[in-house]
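Asks: Before we start, here is the structure in question, set down as structure tokens.
The values are calculated or read from the model by the stated rules, or taken from the named source; none is laboratory data. Please read all numbers here as calculations on a predicted model, not as lab measurements. Reconstructed Cβ throughout: ideal geometry from the backbone, glycine too, with neighbour counts over all protein chains shown.
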């Protein structure tokens, strides 16, 4: 999988990135070529102002990664999984909208993000996992960017207990079946750490990304 080097913006190279800040660039747009360039070069976008007027491009100093052989699956998670039906790429936009509405840190997912990532989804470079209850209601899910053997998890949500964990369990199974070698979670939160997420230094992450895209 070649790196996506076609981009209208002059992003700084990693050797020019600040060594004390997760934000490595500001500006640009959310066009598909911009997003593909950014993800294959270790960056992802989020708004950095409350009015959503300025895009920040992040490459965390300590990157969250879930080893694909290291997801911690408890007995209670497996029991919960029996109560749900799981699909993939059946309700991509709905998953994004729930992530924006339900998560307190999801307010950066606005209509521009939804439109842009929906275009990536149509191109085959973004995927969703949906979790449905017995009444066929969408109660959990996640979405992210897929390029080659690399998957960047963007956000997940749940409306019923363990629904997002079940989505993650199924994502890991899907990625392992497809030969994906890198599952990026952006940051390692306390919650993700309980599921097996670890932190890797930025330079190490860039090396893992290079290998996943090779």
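Asks: Given the condition closer than 19 Å to residue 46 by Cβ and in a helix (DSSP H, G or I), answer yes or no: does some residue in region 207-214 qualify?
Replies: yes
Asks: If you don't mind, there's one more thing I want to ask. Pick out the one residue from 174, 156, 169 that is in a strand (DSSP E or B) and either within 21 Å of residue 67 (Cα to Cα) or out of contact with any strand residue (DSSP E or B) (no Cβ under 9 Å at 6 or more places or on another chain) (or both).
Replies: Testing whether each residue is in a strand (DSSP E or B) and either within 21 Å of residue 67 (Cα to Cα) or out of contact with any strand residue (DSSP E or B) (no Cβ under 9 Å at 6 or more places or on another chain) (or both) leaves just 156.
Asks: Kindly indicate which of 95, 129, 145 is in contact (Cβ under 8 Å) with a residue 12 or more places away in the chain, in a strand (DSSP E or B), under 16 Å from the mean Cα position of the chain (by Cα) and surrounded by 23 or more Cβ atoms within 10 Å (Cβ to Cβ).
Replies: After ruling out the rest, the residue left standing is 129.
Asks: Of all residues in region 106-123 being part of a loop (DSSP other than H, G, I, E, B) and more than 14 Å from the chain's Cα centre (by Cα), which is modelled with the highest pLDDT?
Replies: Of everything passing the filter in region 106-123, 123 is modelled with the highest pLDDT.
Asks: Then there's this: Sort out which residues of region 181-214 are out of contact with any helix residue (DSSP H, G or I) (no Cβ under 7 Å at 6 or more places or on another chain), touching a residue at least 40 places away in the same chain (Cβ under 8 Å), surrounded by fewer than 19 Cβ atoms within 10 Å (Cβ to Cβ) and within 18 Å of residue 148 (Cβ to Cβ), and write them in order of number.
Replies: Residues satisfying the conditions are 208, 214.
Asks: Within region 98-126, can you find the residues that are surrounded by fewer than 14 Cβ atoms within 10 Å (Cβ to Cβ) and either touching a helix residue (DSSP H, G or I) at 6+ places or on another chain (Cβ under 8 Å) or under 15 Å from residue 157 (Cβ atoms) (or both)?
Replies: Hits for region 98-126 are 101, 104, 105, 107, 110, 123.
Asks: Criterion first (touching a helix residue (DSSP H, G or I) at 6+ places or on another chain (Cβ under 7 Å) and surrounded by fewer than 12 Cβ atoms within 10 Å (Cβ to Cβ)) does residue 6 satisfy it?
Replies: Yes, satisfied.
Asks: Something else: How do the strands (runs of 3 or more DSSP E) wholly within region 22-83 filter down when requiring 2 or more residues that are farther than 21 Å from residue 109 by Cβ, touching a strand residue (DSSP E or B) at 6+ places or on another chain (Cβ under 9 Å) and modelled with pLDDT of 95 or more: which remain?
Replies: Passing ranges, in order: 62-65.
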